[in-house]
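Written below as structure tokens is the structure these notes are about.
Values quoted throughout were computed directly from the atomic coordinates according to the rules given, and no laboratory measurement underlies them. Keep in mind the model is a prediction, meaning the values are calculated, not measured. Note that each Cβ is placed from the backbone with ideal geometry, even for glycine, and that neighbours are counted across all protein chains shown.
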Amino acid sequence: MSCHHGVCDRHGGVSPAPHRSLNLSFGVGDAVDNVRENRQRLKAALGIPVLASASQVHGDAVWVIDEPLDRDTEQDGYDALVTNQPGIGLLIQQADCQAILLHDPVQKVVANIHAGWRGSVAGIIGKTVRTMTARFGTRPGDLVAGISPSLGPCCAEFVDYRTELPVEMHGYQMAPNRFDFWAISRDQLQESGVRQERIDSAAICTKCGSDYFSFRRERVTGRFGSVIMLRTAIRCSSWTGCRPRPAMR
């Protein structure tokens, strides 16, 4: 069983400014009907029967979905989602934070992680990998990982990094007060047992361009999405508002 995954830019939705246009978050002040329509477009783009998402609180709680869902479901208090159920799209909502997408092709499990700087400090990547191992028998060396568009080292400024970031992260400083969280995530994945050659990074900074929502650039804005799903027999359609990468194998 393979997986299907994609990262959506901010285009192709129905939300007006300042959430224009493919805002996928219910929690940023956009109208509920707009978000529902945008999510339906995402589902149509990737052939997703059901979406699972979380309110995302910058913590390290992992929601394990080991039974089918009969409707779109959003849970409070989680920042990582794991499932062995085909046909459930795991959605992470973003506006500079990373989504870390994981696929275990052996045990047939996928995960999606919301990794802002607080999640990185809390070690949410390692906790998610350990959860996959404990619940589904995942061997970290079998995992394939993808790091989504997110705040790049060019723009990840932390003026108060001495109090916000642990000492072991200070070595990732690329310029005064600027840090490479893409490298932090790659290293945390490898520390969890993921092989270097199985880690792919989009290396696209969300603040630098205008194709993605960016809290650092706009403050009041929407959220784009990264999604991963174990495939079902359903044929996936295409839609220009979402630009999926080839399926991880």
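Tabulated results
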| read-out | value |
| --- | --- |
| Residues that are under 25 Å from Ile204 (Cβ atoms) and β-branched (Val, Ile, Thr), drawn from region 83-110 | Ile92, Ile100, Val110 |
| Residue count, region 108-126 (criterion: over 14 Å from Ile184 (Cα atoms) and either among the hydroxyl-bearing types (Ser, Thr, Tyr) or over 15 Å from the mean Cα position of the chain (by Cα) (or both)) | 2 |
| Any hit, region 28-40, residues being of a type in the set (Asp, Glu) and closer than 27 Å to Leu165 by Cβ | no |
| Per-region count, region 22-51, residues touching a residue at least 24 places away in the same chain (Cβ under 8 Å) and either surrounded by fewer than 24 Cβ atoms within 10 Å (Cβ to Cβ) or charged (D, E, K, R) (or both) | 16 |
| Subset of region 1-53 [closer than 21 Å to Gln75 by Cβ and hydroxyl-bearing (Ser, Thr, Tyr)] | Ser25, Ser53 |
| Output for region 196-233, where each listed residue is assigned to a strand (DSSP E or B) and either loosely packed, with under 15 Cβ neighbours inside 10 Å or among the acidic types (Asp, Glu) (or both) | Asp200 |
| From Asp96, Asp70, Asp60, residue being part of a loop (DSSP other than H, G, I, E, B), buried (at least 23 other Cβ atoms within 10 Å of the Cβ) and touching a strand residue (DSSP E or B) at 6+ places or on another chain (Cβ under 8 Å) | Asp96 |
| Matching residues in region 136-190 - criterion: being of a type in the set (S, T, N, Q), part of a loop (DSSP other than H, G, I, E, B), touching a residue at least 24 places away in the same chain (Cβ under 8 Å) and in contact with an Asp or Glu (Cβ under 9 Å, 6 or more places away or on another chain) | Thr138 |
| Residues of region 142-190 satisfying the condition of being closer than 20 Å to His5 by Cβ and of a type in the set (Gly, Ala, Ser) | Ala145, Gly146, Ser148, Ser150, Ser185 |
